[in-house]
Amino acid sequence: MALDGIFLSKVCDELKKYALSLRVDKVQQPSRDEVVLVLRGKSGTYRLLICVRADSPRIHFTSHSIQNPAVPPMFCMLLRKHLTAARIAGIRQSELDRVIFIDFDASNEIGDRVRLTLCAEIMGKYSNLILIGENGRVIDAAKRVDLSTSSVRQILPGIEYRLPPKQDKLCLESTETEKTIQRITADKNKYLSSAILGSIQGVSPVAAREIAFKAVKDDCFVSSLSESQLEKLASVLENIKSILHSSQKVYMLLDSNAKPKDMCFLDVNQYAGALEVREYDSPSLLLDDFYYERDRINRITHRGQELFKLLGNFIDRTARKLNLQREELKKCADKEALRRNGELITANLHKLQKGALFYEVEDYYDGMKTLRIPCNPALTPTENANKYYKEYRKAKTAEIMLAKLIEQGEAELAYLETVLDELSRADSDAELSAVRLELSEGGYLKTKTGVKNKASKPLPPIEYLSSDGYRILVGRNNVQNDRLSMKTAAKSDMWLHTQGFPGSHVIIVSKNGEVSDRAIEEAAVIAACHSKASDSSLVPVDYTRVKALKKPVGAKPGKVIYHEYFTITVNPDKKLIEKLLVK
């Protein structure tokens, strides 16, 4: 799942086509590893995302707005100082390596024109974003690299910029195909795909396997290649040369759940239908689709790390407590045997003596069979009977109390799981703050004494519009779920919720008391997507009129009960709900 140099050349060509001569209107840094340049010009406005995170480094245009922190990081302020109002003068790639340079015509502090360069190194854990002055020296970088980090190459302010050490690989653009074939076939003991990967610059593992597949179908040792297969390999490499700077499509690979698995600049046939291959006209659009959802989750996880840890601890503690209480409840199941022993001892007091280790009595509960009852020899028969009665009463009381505690614990665990679900679906700092406030009001999170927090404006529900015109409202958190279902919605509106999964309350606003079947079906898909079952299939969703809902006294936020309802089974479809979203 690597963005290779040849795919990056496609991105570079797209940037040249649309970004040249545009001016930098804004510089944003949503996280330590992400920078967004908002570019404007006569052709329109573009958002250029440069990400140097180890697991998803890339550069491309994005259509998504990413929320920025309240206080911009220092590197963001430096980029704003040097690049705001600068014009993009050039975009270039170092051969087919994963290094892209963006040249800017900018102004310095005294108004003189200067040429600055932003270098994006897209190299896994070594990825970096570096601002270089016209003297070739580093102004600063997203990740400073000193001697303690690397003895080979340092990235620090004032140091002359040097390219990353080159691998011993050939560039397809500048190397004759015959020479490339010679390099690939030099090691006879390698598989063809491995030899391609180790010989050609800018090729990812999936691309290397696909080149081998197109040449020989089944991967084989280099030593077993025939003349005809070598000719086919040369033809495949020549074809790649011809498409390097063409507008040919790029491809995404998806698994059976439609989750992105990999990408390639070639049409992929090696999986024989095991993976879906989806083609894109724009490499930026592919990268946006490939990474956005995962990055959104990572970004929220990072910002809400404290809350995730807190909720995880509460869930684990509550679950362990419930397991112990259930074990205790199992022990109470034998309480009737304690009462029976007490009664049988009492019924036979006239023939029992103190000092026995057990009493043999006739069990009139079981056909007058002889029953041995363990007893304390230091106690009289009456005292042993009273001891059994006391243990029976204790077990009976414990059973009643444990049943209540287990019921309360199960309700609390279910509530905490709903909060964890809403936290995992939070899209912004405002939604994280709403979760934090909910936990604080519930007594799970301590509030700092002496600090008055300014009350933030409540977030509105997420709004959708069904294809036949019905408004569909979705709660963002438990507090909003309560307000939406019990106060905002009319009695004739339709309420939906996933069956057996934590999720948001969904309301279809009725028209003259009526709701269409189409609106119910689409709202059910929305409910499934806004739940813990969003990655599942065949998700059951209950729906009923709002008038059928009741809020139990003392129940946690978001908890409602209903007895009359229907159930519809749907598959979550995020592309569908994206179309229905009111923006």
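The values are calculated or read from the model by the stated rules, or taken from the named source; none is laboratory data. This is a predicted model, so every value here is computed, not measured. Methodologically, a virtual Cβ is constructed for each residue, glycine included, from the backbone with ideal geometry; neighbour enumeration extends over all protein chains shown. Surface areas here come from the heavy atoms of the whole protein model, side chains and all, with no ligands, DNA or RNA. Shrake-Rupley method; radii C 1.70, N 1.55, O 1.52, S 1.80 Å.
Overview of results
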quantity: Zone of ASP573's modelled label, taken as backbone nitrogen in the stretch 268-285 under 20 Å from a point 7 Å along Cα→Cβ; calculated: 276-279
quantity: Phi to ³J(HN,Hα) by Karplus 6.51 cos²θ - 1.76 cosθ + 1.60 over the stretch 408-420, Hz, x for Gly, Pro; calculated: 5, x, 5, 5, 5, 5, 4, 5, 4, 5, 5, 5, 4
quantity: Cα-based equivalent ellipsoid of the stretch 288-447: semi-axis lengths in Å, sorted from largest, via gyration tensor; calculated: 58, 14, 11
quantity: Using a Förster distance of 56 Å, the FRET efficiency for LEU230-ALA89 (Cβ separation, nearest 0.05); calculated: 0.80
quantity: The stretch 7-93 - percent relative contact order, Cα under 8 Å, separation 6 or more; calculated: 36 percent
quantity: The stretch 308-388, Cα convex hull volume normalised per residue, Å³; calculated: 109 Å³
quantity: Sum of -39500 (n - 2.57) over DSSP H runs of 4+, divided by residues of the chain (222 nm, nearest 500); calculated: -12000 deg cm²/dmol
quantity: Listed residue (ILE400, PHE314, ALA414) projecting farthest to the positive dipole end of the stretch 302-446, Cβ model; calculated: ILE400
quantity: Prolate/oblate/rounded call for the stretch 156-302, Cα gyration tensor, a/c under 1.5 rounded; calculated: oblate
quantity: Per-selection metrics, the stretch 170-243 (Cα): Rg and Dmax in Å; calculated: 10.7, 30
quantity: 3J(HN,Hα) from dihedral phi, the stretch 381-396, Karplus parametrisation 6.51/-1.76/1.60, rounded to Hz, x for glycine, proline; calculated: x, 4, 5, 5, 4, 4, 5, 5, 4, 5, 5, 5, 5, 5, 5, 5
quantity: Descending Cα extents along the principal axes, the stretch 1-43, whole Å; calculated: 32, 28, 10
quantity: Whether the stretch 73-177 is rounded, prolate or oblate, judged on the alpha carbon gyration tensor where a/c under 1.5 counts as rounded; calculated: oblate
quantity: Å² per residue, accessible surface of the chain at 1.4 Å; calculated: 53 Å²
quantity: ASP363/LYS330 FRET efficiency (R0 22 Å; Cβ-Cβ; nearest 0.05); calculated: 0.35
quantity: Gained length - ASN135 relative to ASN512, 0.36 nm times residue gap less alpha-carbon distance; calculated: 128.6 nm
quantity: Percent RCO, i.e. relative contact order, over the stretch 180-253, from Cα pairs under 8 Å lying at least 6 residues apart; calculated: 29 percent
quantity: Percent of alpha-carbon pairs separated by more than 18 Å within the stretch 518-583; calculated: 46 percent
quantity: Extended-chain gain in nm, criterion 0.36 nm per residue less alpha-carbon gap, GLU441 and ALA490; calculated: 14.9 nm
quantity: 11 Å beta-carbon shell around SER223, net charge (K/R +1, D/E -1); calculated: +1
quantity: Cα-only radius of gyration and Dmax that characterise the stretch 434-583, units Å; calculated: 16.0, 53
quantity: Dimensions (Å) - the stretch 222-358, Cα atoms, principal axes, largest first; calculated: 108, 45, 23
quantity: Accessible-area composition of the stretch 321-367, carbon plus sulfur, in percent [1.4 Å probe]; calculated: 51 percent
quantity: Bins of 5 Å from zero: percent of alpha-carbon pairs in the stretch 11-150; calculated: 2, 10, 20, 25, 23, 14, 5, 1, 0, 0
quantity: Reciprocal of mean inverse Cα separation for the stretch 150-199 (Kirkwood radius, Å); calculated: 13.4 Å
quantity: Tail weight of P(r) past 45 Å, computed on alpha-carbon pairs of the chain, percent; calculated: 42 percent
quantity: FRET efficiency, ASN348 to THR397 (Cβ-Cβ, R0 41 Å, nearest 0.05); calculated: 0.90
